[in-house]
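Following: one structure in structure tokens, then a few remarks.
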Amino acid sequence: MLYLKTDEEVGFLRESNLLVSKTLAEIAHHIKPGITTLFLDELAEEFIRDHSAVPAFKGYGGFPASICTSVNDQVVHGIPSDKVILKDGDIVSIDCGTFKNGFVGDSAYTFCVGEVSAEIKNLLETTKNSLFKGIEQAIEGNRIGDIGYAVQNHCEAQGYG
């Protein structure tokens, strides 16, 4: 069933999602070789709570952290740890969710740690551009398959599968 949001509810969604963006931006300032993913989690939780919200992931289904951290080729939704220390050349994907005014904001972004290889930069640029290609197809009259096709077509044209 489709539930249409009121203008007020859309505003609450916008506020929650803007806080996710601000949290990711705050985390970005601290990503560097030598820090742990647990440090990033603690930073995110404090930032979210300081902005009158709660981390949406913490406690959800028993998840123990405020953000998900996945380093390099680790599968998504990694659990932050004091044993995972970022090093130069890594990439770290941070998935962040906030709960405020009864609504959840949720987004993820992949960050470079120090200097990364040209191959990694190309991968990140390709996947970012594929997102925009997919968004271009998210219009009335199109199907989910149109979005998927645009993403896949772009990635494959760049040599990725």
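The values are calculated or read from the model by the stated rules, or taken from the named source; none is laboratory data. This one's a predicted model, so the numbers in the text were calculated from it and none came from an experiment. With ideal geometry, Cβ positions are generated from the backbone for all residues, glycine too; neighbour counts draw on all protein chains shown. The accessibility values were calculated without ligands, DNA or RNA, using every heavy atom of the protein model including side chains. Shrake-Rupley method; radii C 1.70, N 1.55, O 1.52, S 1.80 Å.
Would you confirm whether any residue within segment 14-35 is of a type outside the set (Lys, Arg), touching a Ser or Thr at 6+ places or on another chain (Cβ under 8 Å), within 18 Å of PRO80 (Cα to Cα) and surrounded by fewer than 18 Cβ atoms within 10 Å (Cβ to Cβ)? No, the conditions are met nowhere in segment 14-35.
Checking each residue in segment 29-45 for being touching a residue at least 24 places away in the same chain (Cβ under 8 Å) and over 16 Å from SER66 (Cβ atoms) picks out LYS32, PRO33, GLY34. Residues of segment 150-161 that are assigned to a loop (DSSP other than H, G, I, E, B) and either under 17 Å from the mean Cα position of the chain (by Cα) or on the phi < 0 side of the Ramachandran plot (or both): GLN158, TYR160, GLY161. Looking at ASP106, ASP82, just one residue is more than 13 Å from ASP41 (Cα to Cα) and either open to solvent by 50 Å² or more (accessible area, probe 1.4 Å) or without any contact (Cβ under 8 Å) to a residue 60 or more places away in the chain (or both), and that residue is ASP106. Out of curiosity, is GLY89 open to solvent by less than 40 Å² (accessible area, probe 1.4 Å), of a type outside the set (A, V, I, L, M, F, W, C), assigned to a loop (DSSP other than H, G, I, E, B) and modelled with pLDDT of 95 or more? When the stated conditions are applied, GLY89 passes them.
Within segment 46-77, being surrounded by 17 or more Cβ atoms within 10 Å (Cβ to Cβ), in a loop (DSSP other than H, G, I, E, B) and either on the phi > 0 side of the Ramachandran plot or in contact (Cβ under 8 Å) with a residue 24 or more places away in the chain (or both) holds for ALA53, ALA56, PHE57, ALA65, SER66. Of all the listed residues (ILE139, ILE147, ILE135, ILE120), the sole one being open to solvent by 70 Å² or more (accessible area, probe 1.4 Å), of a type in the set (Val, Ile, Thr) and in a helix (DSSP H, G or I) is ILE135.
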